[in-house]
1. Please determine whether any residue of the stretch 47-70 is assigned to a loop (DSSP other than H, G, I, E, B) and touching a strand residue (DSSP E or B) at 6+ places or on another chain (Cβ under 8 Å).
2. Looking at this structure, is residue 88 free of Cβ contacts under 8 Å to residues at least 24 places away in the same chain and surrounded by fewer than 18 Cβ atoms within 10 Å (Cβ to Cβ)?
3. Those residues that are among the polar types (S, T, N, Q), in contact (Cβ under 8 Å) with a residue 24 or more places away in the chain and not in a loop (DSSP other than H, G, I, E, B), I need them from the stretch 6-31; list them, please.
4. Out of everything in the stretch 25-39 that is over 10 Å from residue 99 (Cα atoms) and touching a helix residue (DSSP H, G or I) at 6+ places or on another chain (Cβ under 6 Å), what residue ends up being least open to solvent (accessible area, probe 1.4 Å)?
5. Can we say residue 93 is in a helix (DSSP H, G or I), in contact with a Cys (Cβ under 6 Å, 6 or more places away or on another chain) and open to solvent by less than 50 Å² (accessible area, probe 1.4 Å)?
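The values are calculated or read from the model by the stated rules, or taken from the named source; none is laboratory data. Model, not experiment: these values are computed from the prediction. Positions of Cβ are backbone-derived with ideal geometry, glycine not excepted, and every protein chain shown enters the neighbour counts. Just the protein is used for accessible areas: all its heavy atoms, side chains included, with ligands, DNA and RNA removed. Shrake-Rupley method; radii C 1.70, N 1.55, O 1.52, S 1.80 Å.
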Amino acid sequence: MRDIRLLHQMFIPGMLIGPFTQANPGLGGVCTFVGEVRFDNGVEALELTHYEPLTLPGMHELADRAFARFDLMGLLMVHRVGQMRPGEPIVCVSAAALHRRDAIDAVDFCMDHLKSAAWFWKREKRGGEWHWIEPRDQDAIDLARW
């Protein structure tokens, strides 16, 4: 079971994870990561833009790579674009597998790749002004593990 989505509206992770878990009967474990807009350093909003011709196909390719690398029963990958406020979810990745390690590693693998994907550009609004967010060195280190 694959559920790969790019959303322009807010979503509630629990409304996705419950049906995803039920769609994978016999699973041994589910691992889920939800990333949210931070409340720190005066962030008023976050905006994600993307390169539409590559984003969703790239997410599907990433899912294919995860299925090839890990013994998965299912994968849920949902990513927001547009403007978001602190506390709103940005991304939800959930993996179902017979064994926990495959589920945990698949989520980690997908998140490291999503975080570094060239299809997304981020900027934050602080003090009424927008500022582009540059990739962190740690993102490249995390991606290099795979």
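1. So far as the stretch 47-70 goes, yes, one or more of its residues are assigned to a loop (DSSP other than H, G, I, E, B) and touching a strand residue (DSSP E or B) at 6+ places or on another chain (Cβ under 8 Å).
2. no
3. Answer for the stretch 6-31, where residues must be among the polar types (S, T, N, Q), in contact (Cβ under 8 Å) with a residue 24 or more places away in the chain and not in a loop (DSSP other than H, G, I, E, B): just 21.
4. Applying the first criterion (over 10 Å from residue 99 (Cα atoms)) to the stretch 25-39 yields 25-26, 31-39.
Within this subset, residues satisfying the condition of being touching a helix residue (DSSP H, G or I) at 6+ places or on another chain (Cβ under 6 Å) are 31-34.
On the way: 31: 32, 32: 55, 33: 87, 34: 52 Å².
Checked the stretch 25-39; the qualifying residue least open to solvent (accessible area, probe 1.4 Å) is 31.
5. Spelling it out, it is not the case that residue 93 is in a helix (DSSP H, G or I), in contact with a Cys (Cβ under 6 Å, 6 or more places away or on another chain) and open to solvent by less than 50 Å² (accessible area, probe 1.4 Å).
The rows are residues; the columns are (1) at pLDDT 95 or above; (2) closer than 22 Å to residue 30 by Cα.
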{"residue": "94", "(1), (2)": "yes, yes"}
{"residue": "100", "(1), (2)": "yes, yes"}
{"residue": "109", "(1), (2)": "yes, yes"}
{"residue": "115", "(1), (2)": "no, yes"}
{"residue": "137", "(1), (2)": "no, no"}
